[in-house]
Amino acid sequence: MSAYQKEYLLAKEDPKKFWQSQAGNIDWFKKPTKILEFDNNGIERWFTDGVLNTCWLALDYHCEQGRGDNVALIYDSPVTGNKSQYTYHQLRDQVSKVAGMLANQGVEKGDRVIIYMPMIPEAAMAMLACARLGAIHSVVFGGFAPHELAVRIDDAQPKTIMTASCGIEFTTVIPYKPLVDKAIEQSHWKPEKVFVFQRPECQAELAHPYDLDWQQEVEKAQPHSCVPVLATDPLYILYTSGTTGKPKGVVRDNGGHAVALKYSMSAIYNVAEDGVYWAVSDVGWVLGHSYIVYAPLIHGCKTVLYEGKPIKTPDAGAFWRVCAEHKVNVLFAAPTAFRAIKKEDFDGVHIEKYDLSKLHTIFMAGERLDPPTLAWAQEKAGKPIIDNWWQTETGWPMVANPIGLEPMPVKAGSSTKPVPGYNIEILNEQGEVLGPNQQGFIAIKRPLPPSCLPTIWRNHERFESGYLNVFPGYYICGDGGYFDSDGYLYIMGRVDDVINVAGHRLSTGEMEEVVAGHPAIAECAVVGISDELKGQLPLGLVVLKDGVKVDNNQLEDEIVDVVRDKIGAVACFKQALVVERLPKTRSGKILRKTIRQIADGEKYTVPSTIDDPNSLVEIEKILER
Ligand code: COA
Ligand code: AMP
């Protein structure tokens with residue numbers, strides 16, 4: 001039996017034994033004796049009597065082990081020209097002071113703290129400081145508009161917000177503080193304090209009673225020690241898009257998360273404990289939580305925190321420059337980033353300028369890795385390119401090529417095989433298990449392994465109805481796909497109204513709610529259509545209210561503005577077309593899939609349940625233009 005098969009079967013046949021053994025690889029304050037239990041709601045909970053602190057594992061533990069002078073974090077910011085490094089000692093000392101600063105304002109275990117920050121070391125320090133106190137952080141991506149931030153403030157009910165005076169996108173300085181103020185104005189829940197980290201590129205005015213100057217407050221603070229928490233206590237809430245306008249607060253616990261991440265660093269990412277690990281993402285996404293901050297630090301690596309883009313900061317050689325300069329061993333990014341580089345440097349001229357001898361593997365996740373991008377990256381970088389499939393809800397890969405256990409041949413279009421701990425099956429609409437090469441819903445047979453969400457923040461019912469009750473005994477992840485006869489899994493995309501734009505997960509349902517709010521619009525549909533660079537882009541089709549006369553171009557501009565204003569620039573909503581009517585079934589369901597197929601130029605069959613076939617003819621004509 002192969003090494004992978006052996007490990008996979010161990011985890012499947014005796015999950016308690018398997019995960020107890022993995023739990024031995026992290027430093028607990030009190031080792032768990034109860035490995036897997038089910039709570040009152042019947043939800044699996046890992047390591048229920050274990051006590052630990054995630055910040056301890058990420059920082060103090062390494063200092064205790066004599067590794068305090070090793071570099072923990074490398075900050076590289078082509079947008080400001082700054083570079084710096086922090087050893088484990090230095091990072092621990094700074095994080096302890098930030099924790100002290102929070103504690104001075106009354107933040108304690110279980111309190112929520114929203115972090116709305118650009119990619120600067122203080123963002124990671126803020127997360128770790130919360131973890132140190134046992135407070136629950138909720139990082140909100142900087143590309144989201146004040147309205148989205150307000151929705152998250154109302155749901156998470158944070159005691160404080162941590163922000164910075166600005167973010168920098170390519171060469172544009174984006175002041176963050178006015179966005180935070182606007183969000184607080186809009187939210188019903190009011191945080192007591194807002195800590196503002198002042199950046200030299202733009203000073204924020206601190207005029208509100210809740211404002212505090214981060215640097216001054218840190219100066220006054222005493223270092224704070226690590227607060228012991230239960231394995232099942234929440235480490236963070238991360239909001240992600242669902243099918244409605246209300247984002248879902250995915251809850252992550254401390255113990256299962258630490259154990260699973262630690263396991264992933266050797267089994268999947270195959271990186272040495274003092275290796276250099278660079279995940280190119282943002283702390284606002286799960287990739288940033290798991291693989292910029294927590295996993296590399298828990299493993300003892302040097303993690304790179306990059307404030308820049310794959311292109312134009314200053315050129316398409318940015319990734320290779322950082323890899324060479326910091327001797328990166330593992331590079332992890334979304335396929336979009338490589339598509340952007342490929343577009344600007346198809347011949348890989350930039351790659352040849354840099355010494356990439358230390359780089360051993362490139363991982364990609366966050367969206368489908370399309371075969372042309374895979375082939376280009378394989379050829380130009382000359383390194384193994386490893387796809388891995390997962391989501392905010394799991395916090396670590398569900399399917400991957402587990403190169404740390406046993407590298408497997410790469411098949412274009414497949415993320416390879418289920419990671420040990422995940423028992424994946426393909427189900428049809430009736431919940432029956434399908435065989436190889438049959439496409440259906442991708443479902444995970446419970447129990448889910450450690451790190452997977454135990455609930456949705458303040459909405460457990462939504463967790464059960466959206467993920468667990470559809471096919472009893474299974475968790476459904478929202479993606480469709482199939483296994484081939486070698487057991488390789490192919491992800492075929494979402495089966496719901498979630499789209500993926502530049503590796504960012506967005507809800508078309510939410511965009512529809514915003515568009516439908518325009519006074520001229522009777523109804524609308526938003527679908528995700530293929531885009532060569534960003535994977536998908538939203539397209540809006542709108543039907544005007546009877547008697548409304550508008551200039552279509554002006555209407556489109558207004559709709560684009562309102563989506564940008566309500567959801568944020570990250571939605572990339574740039575196109576809204578006026579149609580006479582939307583194609584629907586006789587029961588009134590909008591035929592979104594058919595609209596998408598027409599827009600993508602795919603062959604489609606007219607659904608037998610269609611109400612008016614002419615509605616499709618009109619859409620075809622409009623989209624042809
Ligand atoms: N704060 C404020 N605004 C932000 C932002 C942030 N953190 N991130 C993105 N935005 C804005 C951008 O400035 C842009 O605004 P614009 O419409 O005014 O130009 C908009 O959101 C869309 O951003 P994006 O989709 O990133 O497109 P882009 O054209 O700016 O950049 C790429 C294109 C390919 C370079 C970029 O998308 C990229 O680096 N992709 C990789 C993404 C990634 O790492 N995803 C991983 C998630 S797991
Ligand atoms: P997020 O929760 O933002 O990480 O988005 C998760 C979703 O992104 C998944 O449900 C998939 O639809 C998609 N996704 C992530 N990684 C991959 C991948 N490697 N291949 C295909 N789709 C992916």
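The values are calculated or read from the model by the stated rules, or taken from the named source; none is laboratory data. Note that the structure is predicted; figures quoted are calculated from it, not measured. Note that we place each Cβ from the backbone using ideal geometry, even for glycine, and neighbour counts take in every protein chain shown. The accessibility values were calculated without ligands, DNA or RNA, using every heavy atom of the protein model including side chains. Shrake-Rupley method; radii C 1.70, N 1.55, O 1.52, S 1.80 Å.
A few comments on the model shown:
- Couplings 3J(HN,Hα) for the range 440-456, derived from phi with the Karplus relation 6.51 cos²θ - 1.76 cosθ + 1.60 (θ = phi - 60°), are x, 7, 7, 10, 10, 6, 6, x, 6, x, x, 5, 5, 4, x, 5, 9 Hz, where x marks Gly and Pro.
- Heavy-atom surface of the range 502-624, accessible at 1.4 Å and reported per residue (Å²): 51
- FRET efficiency estimate (nearest 0.05) - Cβ-Cβ, residue 461 to residue 406, R0 45 angstrom: 0.65
- Label-zone membership for the range 391-409, site residue 12, 7 angstrom Cα→C-beta point, backbone N under 17 Å: 398-402, 406
- For the residue pairs 248/574; 545/584; 302/358; 34/417, alpha carbon separations beyond 19 Å are given by 248/574; 34/417.
- Shape analysis of the chain places it in the rounded category; the axes a ≥ b ≥ c from the Cα gyration tensor give an a/c below 1.5.
- Length-normalised contact order of the range 502-624 in % [C-alpha pairs under 8 Å, at least 6 apart]: 22
- Cα centroid separation, the range 555-623 to the range 18-45: 47 Å.
- Subset of 309/534; 30/445; 30/262 violating a 22 Å alpha-carbon distance limit: 30/445
- Cα centre as origin, Lys/Arg/Asp/Glu Cβ charges: the chain dipole, Debye: 860
- Anisotropy class assigned to the range 502-624 is oblate, per the alpha carbon gyration tensor with a/c at or over the 1.5 cut-off and a/b no larger than b/c.
- Whole-Å distance, taken between Cα centres, linking the range 383-443 and the range 246-323: 20
- One decimal place: the segment residue 173-residue 30 gains 46.9 nm when fully extended, by the rule 0.36 nm per residue minus the C-alpha distance.
- Accessible area of the chain belonging to carbon and sulfur atoms, whole % at 1.4 Å probe: 48
- A straight line joining the Cα centroids of the range 159-208 and the range 329-351 runs 32 Å.
- Cross-link partners of residue 621 among aspartates and glutamates (Cα-Cα below 16 Å; sequence separation of 8 or more within a chain): 580, 600, 602, 612
- Over 30 Å between alpha carbons, listed pairs 109/190; 83/342; 246/343: 246/343
- Taking 4.7 Å between beta carbons as the limit, the unpaired Cys residues of the chain are 55, 63, 130, 226, 301, 323, 452, 477, 524, 572.
- What the range 372-436 shows is 33 Å² of accessible area per residue, with the surface traced by a 1.4 Å probe over protein heavy atoms.
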